[in-house]
1. Looking only at segment 22-43, which residues are in a loop (DSSP other than H, G, I, E, B) and within 18 Å of residue 197 (Cβ to Cβ)?
2. Conditions first: (1) more than 15 Å from ligand 1 (Cβ to nearest atom); (2) of a type in the set (Asp, Glu); (3) open to solvent by 30 Å² or more (accessible area, probe 1.4 Å). Residue 181 passes all but one, so which condition is the exception?
3. Select, from 312, 350, 275, the only residue that is surrounded by fewer than 17 Cβ atoms within 10 Å (Cβ to Cβ) and within 16 Å of ligand 2 (Cβ to nearest atom).
4. Could you tell me which of the residues 211, 143, 200 is of a type outside the set (Asp, Glu) and farther than 28 Å from residue 29 by Cβ?
5. Can residue 281 be described as part of a loop (DSSP other than H, G, I, E, B), hydroxyl-bearing (Ser, Thr, Tyr), more than 19 Å from the chain's Cα centre (by Cα) and within 16 Å of ligand 2 (Cβ to nearest atom)?
6. Please verify whether segment 192-214 includes one or more residues that are within 14 Å of ligand 2 (Cβ to nearest atom) and either open to solvent by 50 Å² or more (accessible area, probe 1.4 Å) or under 18 Å from residue 309 (Cβ atoms) (or both).
7. Please enumerate the residues belonging to segment 80-123 that are within 16 Å of ligand 2 (Cβ to nearest atom) and closer than 14 Å to residue 303 by Cα.
Amino acid sequence: MLVVMKAQATPEEIQAVCDHIVQLGFRPHPLPGAQRTAIGITGNQGEVDRGNLESLSGVAEVIRVSKAYKLASRDVKEEDTVVRFNGSSATIGGRNLAVVAGPCSIESREQAFAIAGHVAGAGAQFFRGGAYKPRTSPYAFQGLGLDALKIMAEIRDKFGLRIVTEALDSETLELVADWADVIQIGARNMQNFSLLKKAGRLRKPVLIKRGLSATLEEFLMAAEYVMSEGNYEVILCERGVRTFADHARNTLDLSIVPALHHVSHLPILVDPSHGTGRRDSVLPMARAAVAGGADGIMVEVHDHPEKALSDGPQSIFPAQFASMMDEIERIAPIVGRQLTRNVSAVAAAGAK
Ligand code: PEP
Ligand code: MN
């Protein structure tokens, strides 16, 4: 159920409607839009009696949301969600393309700083790096943990890059939330509902990677879990799914980008690194993702991929990353987008 407020509704009227929803035993989710505020209602098992709500002051109409996902749906919020970061011009969603780049794993301070210098020098806004790694083998490198989070916090200070890193479980979630700017929930955890709910109780943007066999609806229901707890800053990331195709690690499903934009206001990034598993496929797929309307790219970059402790074969070299930035910058205006370089990061990288 969704209460659409009149364009001229006052904050007091919006609050009164929220209070009324709480009194009914449900949860109100006020989502301000450019034209008007809509208030999503969750927690109801059956129909909410619309009669009462419709008579409250400032209410334009009460609508039933028929889709399984509600807060993630465009029915509730027409405008694209733009995630912003205090003290930074970086955004995810809207006209500007967001670029998240860095190694699969933080392996050492030297490795992380060297790669961050290249990522910053090319003008990216976000640095990625795994501190806690979800590895298929328990014998493979599991990440440097808290030490890696500290290294990335230093990178944020030095280069002005915002930090994106994965929380693997509820133990690491709070630590990641304390140290990072965006909490990544990995593909293998996309349906870890207790972790999603916990992330929903935090007030930090959450980036959810698509599960290895998740449908569009399952993907959006993962976002809905986070949003239903009151955290509306959710970013989706397509990273390829399992198919019979064996020429690539995964099949990058770019067709989900327009499909998601059609039904949801949430931003969607594309990760061509995990999506293909092949260095030579990353740049073509990054171009295609931007041409297809993605809100940004998440990509793995390594200066010595042959020595990488994880995902070396899919990590692009810094020079390839710089070319990727140039190329997507040229493609962006054709599809009504733009790539704004992080000038302070470029300056910080030049000053080292
Ligand atoms: C990653 O981004 O390094 C990662 C492990 O991604 P995914 O969860 O998509 O496999
Ligand atoms: Mn990886």
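The values are calculated or read from the model by the stated rules, or taken from the named source; none is laboratory data. Please read all numbers here as calculations on a predicted model, not as lab measurements. Positions of Cβ are generated from backbone atoms using ideal geometry, with glycine treated the same way; all protein chains shown enter the neighbour counts. Just so you know, the surface numbers come from the protein's heavy atoms only, side chains and all, with ligands and any DNA or RNA stripped out. Shrake-Rupley method; radii C 1.70, N 1.55, O 1.52, S 1.80 Å.
1. Applying the first criterion (in a loop (DSSP other than H, G, I, E, B)) to segment 22-43 yields 24-26, 33-36, 43.
Across segment 22-43, the qualifying residues are 26, 43.
2. Residue 181 satisfies every listed condition except (3).
3. The match here is 312.
4. Values: 211 fails: farther than 28 Å from residue 29 by Cβ; 200 fails: farther than 28 Å from residue 29 by Cβ.
Just a single option satisfies the conditions, and that option is 143.
5. So residue 281 fails the test.
6. Within segment 192-214, none of the residues are within 14 Å of ligand 2 (Cβ to nearest atom) and either open to solvent by 50 Å² or more (accessible area, probe 1.4 Å) or under 18 Å from residue 309 (Cβ atoms) (or both).
7. Of everything in segment 80-123, those that are within 16 Å of ligand 2 (Cβ to nearest atom) and closer than 14 Å to residue 303 by Cα turn out to be 101, 102, 103, 104, 105, 106, 107, 111, 112, 115, 119.
So that you can scan it fast, the table gives a plain yes or no per residue for (1) open to solvent by less than 30 Å² (accessible area, probe 1.4 Å); (2) of a type in the set (S, T, N, Q):
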residue	(1), (2)
3	yes, no
13	no, no
17	yes, no
23	no, yes
39	yes, no
54	no, no
58	yes, no
